[in-house]
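Working notes, beginning with the structure itself.
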Amino acid sequence: MRITKEPEERKQEIFDAALKLFGEKGYEKTTIADIAKAIGVAQGLCYRYFPSKEVLFDSAIDQYTDILVAQFADLAENSDIPLKEFIEKMPTTVEDKNTKYYAVFHGPQNKKFHDQLSLKTCEKLVPIVEKLLLQARQKGEIQLADLPTAAAFCVYGQLGILLENGMDQKEKADRIRTFLIYALQL
């Protein structure tokens, strides 16, 4: 018996099955046929919502990035503390190991996708950080003239530390916070 679902519900079902399989088998070893089989639909139905596996994966990156960035954006929007205090309290990672996304982007066979996620997250964070820097400049906390460059440096510059395997999360956070306070002359 054929089960009809609302388009958004079906699309999410396909998406969730793909994420699960990407996490279990890896992206390279997962096919659209595998995804269709996992949810009991025809392969063509998957292509109706996602024209390729790449588009499906790009959707996963976008969805997860939006979740990660929203957490930081909420913190930034609802904060009127001085920039130095914000940096001292800000999370340097907001990922939850219990989400459907975590295994996909942190599996040993998926390092390339974690790197893509990191870059997409940075891209979406830069405007938020630029706004924080503008507010700090307006309050007289910083004197930077080139806020777009400073924001990009503050965000993308953290990647080298965040992707370092030889440090624990606390050491990474301490190094990032210390450097940002120094670089911004706070």
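The values are calculated or read from the model by the stated rules, or taken from the named source; none is laboratory data. The model shown is predicted, which means the values in this text are computed figures rather than measured ones. Heads up, the Cβs are rebuilt from the backbone with ideal geometry, glycines too, and the neighbour counts pull from every protein chain shown. Note: accessible area is taken over every heavy atom of the protein model, side chains too, but ligands, DNA and RNA are not part of it. Shrake-Rupley method; radii C 1.70, N 1.55, O 1.52, S 1.80 Å.
Some observations on this one:
- Cβ-Cβ under 6 Å pairs, at least 6 apart or on other chains, segment 162-179 side modelled with pLDDT of 90 or more, far side of a type in the set (Val, Ile, Thr) and surrounded by 15 or more Cβ atoms within 10 Å (Cβ to Cβ): 175/161; 176/92; 176/161; 177/87
- Test: residue 80 is over 23 Å from residue 121 (Cβ atoms), modelled with pLDDT under 90 and surrounded by fewer than 16 Cβ atoms within 10 Å (Cβ to Cβ): yes
- Criterion applied to 26, 44 was being at positive phi and open to solvent by less than 70 Å² (accessible area, probe 1.4 Å), and the one residue passing it is 26.
- Where helices (runs of 4 or more DSSP H) fall wholly inside segment 88-186, the ranges with 2 or more residues that are in contact with a Leu (Cβ under 9 Å, 6 or more places away or on another chain) and closer than 27 Å to residue 57 by Cα are 102-106, 111-138, 147-156.
- A search for C-beta distances below 7 Å between a residue of segment 117-136 that is of a type in the set (Ser, Thr, Tyr) and at pLDDT below 95 and any residue that is open to solvent by 20 Å² or more (accessible area, probe 1.4 Å) and in a helix (DSSP H, G or I), counting only pairs 6+ apart in sequence or on different chains, returns 118/159.
Yes/no per residue for (1) open to solvent by 30 Å² or more (accessible area, probe 1.4 Å); (2) of a type in the set (Gly, Ala, Ser); (3) touching a Lys or Arg at 6+ places or on another chain (Cβ under 6 Å):
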residue: 99; (1), (2), (3): yes, no, no
residue: 115; (1), (2), (3): yes, no, no
residue: 124; (1), (2), (3): yes, no, no
residue: 127; (1), (2), (3): yes, no, no
residue: 132; (1), (2), (3): no, no, no
residue: 144; (1), (2), (3): yes, no, no
residue: 148; (1), (2), (3): yes, no, no
residue: 154; (1), (2), (3): no, no, no
residue: 160; (1), (2), (3): yes, yes, no
